[in-house]
Amino acid sequence: MTYEKKEQMYEGKAKKVYTTNDPDVVIVDYKDDATALNGKKKGTIVGKGVINNKLTNYLMQVLEKQGVPTHFVSELSDRETAVKKVTIVPLEVIIRNISAGHFASRYGVDEGIVFAHPTIEFSYKCDELDDPLLNHYHAIALKLATQEEIDLITELSFKIDEVLCAFFKDVGVTLVDFKLEFGKTSDGKIVLADEISPDTCRLWDAKTGEKLDKDRFRRDMGGVEDAYQEIMRRVMGA
Ligand code: UDP
């Protein structure tokens, strides 16, 4: 099946989405635009779109092999991928293995504390409200998802953490934390959607602790492009 790009459906902070000749398939087109602080900080990371497209597709295929259903259909070009059309469950799922970012600031602890068990948290995907944190009772009260969907999303998220932690460990990278989004296909199946990339994961060099992710952009540390390329090289050997 060849997919033809039709109309632009949506333009987000990092991607554009197009309809295709197949009503159950859309094309995502990854941009180099970078935002942080919920859109208040804007910039460009040259080559990011290509890297995030290829990394996401590679990691989604690793996950599929381990039994995690994803939206991935086929890579069409350096920046474009055909994915199953889904309705995004408006929850951002964050899994943490080590303290960092908002966890460290919210609870007043240092970054780098290794947890005995990974944590999960949800936030309501809503830019106007700055993605407020909520628990699963709130999510159900707001009808963002059902109990069954939240149970499945939780189980899949911890499974994804196990698979990705082992995968990144093999290439000398520590998976500190990451954000996932899930979607519902036209036949009601919950699948992993969105992306898995240095935009959405904290990735530290296992030996030196060097940050190889979007924190370099968020915190004006420099070396942003090099960090993304280094992750690409370790994961895909390219
Ligand atoms: N994250 C993301 N999108 C968001 C918020 C967080 O991809 O809108 C990712 C982030 O890259 C990190 C993890 O989720 O890997 C945990 O982020 P945290 O809650 O610490 O917030 P941050 O400090 O990144 O704003």
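The values are calculated or read from the model by the stated rules, or taken from the named source; none is laboratory data. Remember, it's a predicted structure, so these values are computed and weren't measured experimentally. Cβ sites come from the backbone with ideal geometry, for glycine too, and all protein chains shown count toward neighbours. Heads up: the accessible areas ignore ligands, DNA and RNA and are worked out on the full protein's heavy atoms, side chains in. Shrake-Rupley method; radii C 1.70, N 1.55, O 1.52, S 1.80 Å.
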Out of segment 34-59, which residues are within 16 Å of the ligand (Cβ to nearest atom) and farther than 15 Å from E80 by Cα? A34, T35, A36, L37, N38, G39, K40, K41, K42, G43, I45, L59
Return the pairs, sorted by first residue and then second, in which the second residue is more than 8 Å from the ligand (Cβ to nearest atom) and of a type in the set (D, E, K, R), the first residue lies in segment 102-114 and is within 19 Å of G209 (Cβ to Cβ), the beta carbons are less than 9 Å apart, and the residues are 6+ apart or on different chains. F103/E111; A104/D110; A104/E111
Strands (runs of 3 or more DSSP E) contained entirely in segment 55-112, each with at least 1 residues that are on the phi < 0 side of the Ramachandran plot and within 14 Å of the chain's Cα centre (by Cα): 72-75, 91-98
Pair list, Cβ < 8 Å and 6+ apart or interchain, from segment 188-214 residues that are under 20 Å from P90 (Cα atoms) and within 8 Å of the ligand (Cβ to nearest atom) to residues that are open to solvent by less than 30 Å² (accessible area, probe 1.4 Å) and assigned to a strand (DSSP E or B): D199/A34; T200/F178; T200/L180; C201/L175; C201/V176; C201/D177; C201/F178
Of the numbered conditions (1) modelled with pLDDT of 95 or more; (2) within 15 Å of the ligand (Cβ to nearest atom); (3) open to solvent by 60 Å² or more (accessible area, probe 1.4 Å), C126 satisfies every one except a single condition; which is it? (3)
Looking only at segment 68-120, and only at residues there that are of a type in the set (S, T, Y) and farther than 27 Å from Y10 by Cβ, the one that is least open to solvent (accessible area, probe 1.4 Å): S99
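Yes/no matrix, rows are residues, columns are (1) within 16 Å of the ligand (Cβ to nearest atom); (2) small (G, A, S):
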| site | (1), (2) |
| --- | --- |
| G112 | yes, yes |
| F122 | yes, no |
| L133 | yes, no |
| K169 | no, no |
Requiring at least 1 residues that are closer than 25 Å to E80 by Cα and within 19 Å of the chain's Cα centre (by Cα), the helices (runs of 4 or more DSSP H) wholly within segment 123-233 are 147-170, 215-218
Is one or more of the residues making up segment 16-30 closer than 29 Å to E225 by Cβ, crowded, with 21+ Cβ neighbours inside 10 Å and within 16 Å of the ligand (Cβ to nearest atom)? yes
